[in-house]
Amino acid sequence: MIKIIDGKAISKEIKDEVKEAVSGLKEQGITVSLAVIQVGNDPASGVYVGNKKKACEYCGIESVSYELAEETTQDELLTLIEKLNKDEKINGILVQLPLPKHMDEDAVIKAIAPIKDVDGFHPQSVGALCIGQPGFVSCTPAGIIELLKRSNVEIAGKECVVIGRSNIVGKPMAILLLRENGTVTITHSRTKDLKEVTKRADILVVAIGKPKMITREYVKEGAVVIDVGIHRNENNKLCGDVDFDDVAPVCSAITPVPGGVGPMTIAMLMKNCLTSVALMQNQ
């Protein structure tokens, strides 16, 4: 019997845990606050920012919103980030990506104070992850680990294959699976005989950015398949990197799109806001 991994239900569990912790902090007179910066009016970014605000409201986290015009200069953005870095009332800073083309995303990410880097993109956060020190972990891969653990999927000793090597998903995903004692292979556009590699996977994480690319030919019987992709198909319906209808019958568990990995990313952002409180207290 195939198991559909319900990201909505698991993300609600996490948000409820965060809500309880935030409530406990409020009783001690501690407020958790997230600053969200959006530059320009990209429609997809607008949706994501709206979802983050709703999650903050649900968890009792204060969200402070900065909606900047497309023509805002990079210096103006960096000045705002520096102000928020120094503001003791702000625990986390999130700059919604992508930024307009005239801005250097790398410089903007590096400008965020590492103890407020709730997205987990700062080089210091990435370095801490690599050597197993405390810090923020990129929300999507962290959410995938929670999905697996809370769905009782054993990672230790399993053959894990990640398709995709982005800094936001692929690379941190591989490190997190390794941290959980999985045996990890990262594949990408230059991988030879991709199907042969992915068919070894007990756990297959797909973050390749191509709609419905992964069919049952890529998947071992009984594998657990995690689909990170999100696209609109020819009928304007959401779909992932995995051809769900084709793959679902051959695997033991699979995440749907929508309702799989997506909700987890925001739940882990809420969790990272809690982590930021602890980091600021331990400064």
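Structural remarks
- The combined condition, being β-branched (Val, Ile, Thr), under 19 Å from the mean Cα position of the chain (by Cα) and outside the structural domain of Ser252 (by TED's automatic domain parsing), is fulfilled by Ile93.
- Boolean, Ile81 is closer than 25 Å to Pro256 by Cβ and either in contact (Cβ under 8 Å) with a residue 12 or more places away in the chain or hydroxyl-bearing (Ser, Thr, Tyr) (or both): no
- Among the residues making up region 101-122, those that are part of a helix (DSSP H, G or I), without any contact (Cβ under 8 Å) to a residue 60 or more places away in the chain and over 16 Å from the mean Cα position of the chain (by Cα) are Glu105, Asp106, Ala107, Val108, Lys110, Ala111, Pro114.
- Failed condition for Ile168, given (1) in contact with a helix residue (DSSP H, G or I) (Cβ under 6 Å, 6 or more places away or on another chain); (2) β-branched (Val, Ile, Thr); (3) closer than 21 Å to Ile230 by Cα: (1)
- One residue from Gln74, Gln28 being polar (S, T, N, Q), over 20 Å from Leu147 (Cα atoms) and crowded, with 16+ Cβ neighbours inside 10 Å: Gln74
- Scope region 146-161; condition assigned to a loop (DSSP other than H, G, I, E, B) and within 11 Å of Ile5 (Cβ to Cβ); matching residues: Ser151, Asn152, Val153
- So Thr185, is it buried (at least 16 other Cβ atoms within 10 Å of the Cβ) and out of contact with any Leu (no Cβ under 7 Å at 6 or more places or on another chain): yes
- Unique residue being buried (at least 24 other Cβ atoms within 10 Å of the Cβ) and either more than 25 Å from Ala278 (Cβ to Cβ) or out of contact with any Phe, Trp or Tyr (no Cβ under 9 Å at 6 or more places or on another chain) (or both) when the list is Gly143, Gly135, Gly170, Gly157: Gly143
Residue-by-condition table, conditions (1) among the charged types (D, E, K, R); (2) in contact (Cβ under 8 Å) with a residue 40 or more places away in the chain:
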| position | (1), (2) |
| --- | --- |
| Gly132 | no, yes |
| Gly143 | no, yes |
| Cys160 | no, yes |
| Asn167 | no, yes |
| Leu177 | no, no |
| Val184 | no, no |
| Arg200 | yes, yes |
| Arg216 | yes, no |
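- Residue within region 261-279 that is farther than 23 Å from Leu129 by Cβ and crowded, with 18+ Cβ neighbours inside 10 Å present: no
- Which numbered condition Leu99 fails, given (1) under 22 Å from Pro263 (Cα atoms); (2) in contact with an Asp or Glu (Cβ under 9 Å, 6 or more places away or on another chain); (3) surrounded by 15 or more Cβ atoms within 10 Å (Cβ to Cβ): (1)
The values are calculated or read from the model by the stated rules, or taken from the named source; none is laboratory data. Model, not experiment: these values are computed from the prediction. Because the Cβ atoms are built from the backbone with ideal geometry, glycine has one as well, and the counts that use them run over all protein chains shown.
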